[in-house]
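The values are calculated or read from the model by the stated rules, or taken from the named source; none is laboratory data. Small disclaimer: the values here were computed from a predicted structure and weren't measured. Reconstructed Cβ throughout: ideal geometry from the backbone, glycine too, with neighbour counts over all protein chains shown.
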Amino acid sequence: MGWFFTKTGRYTVKSGYAIAQQALEANSPNFFGPDTQRLQAQVWKVQYTQKLQHFIWQALTGCIAVGDRLRSRGMQIDPQCMWCGMATETVNHTLFEFPPARQVWALSPIPTAPT
């Protein structure tokens, strides 16, 4: 007996996850939007702490526990941002649109668009 999805023939969690993702992608409708797969691959090459690398990877893959994500997993919660109430709490809102996050970005040395 062997696992045909690796060169060694041994099962790994990584190979099992890859097969599960391929099956999901084959059954899901096409997604039109920014492709983050190349960014996800580059995360592990960034010279920062592993904690920061992991956080960036979670943000890119949508694994951060925000209202919109929790609701999509069946939790009965209000997806609105509980702090500002201005928008649905998504990863994008939490990291870039939320007023305190915008202040942090404005004070950081990373260039941002004026709008």
task = Mind counting the residues in the stretch 66-89 that are in contact (Cβ under 8 Å) with a residue 12 or more places away in the chain and not in a loop (DSSP other than H, G, I, E, B)?
result = 5
inquiry  = Regarding the stretch 56-65, can at least one residue be identified that is modelled with pLDDT of 85 or more, in a helix (DSSP H, G or I) and exposed (fewer than 14 other Cβ atoms within 10 Å of the Cβ)?
reply    = no
inquiry  = Considering only the stretch 17-32, I want to know if a residue exists there that is modelled with pLDDT under 85, touching a helix residue (DSSP H, G or I) at 6+ places or on another chain (Cβ under 8 Å) and outside any helix (DSSP H, G or I).
reply    = no
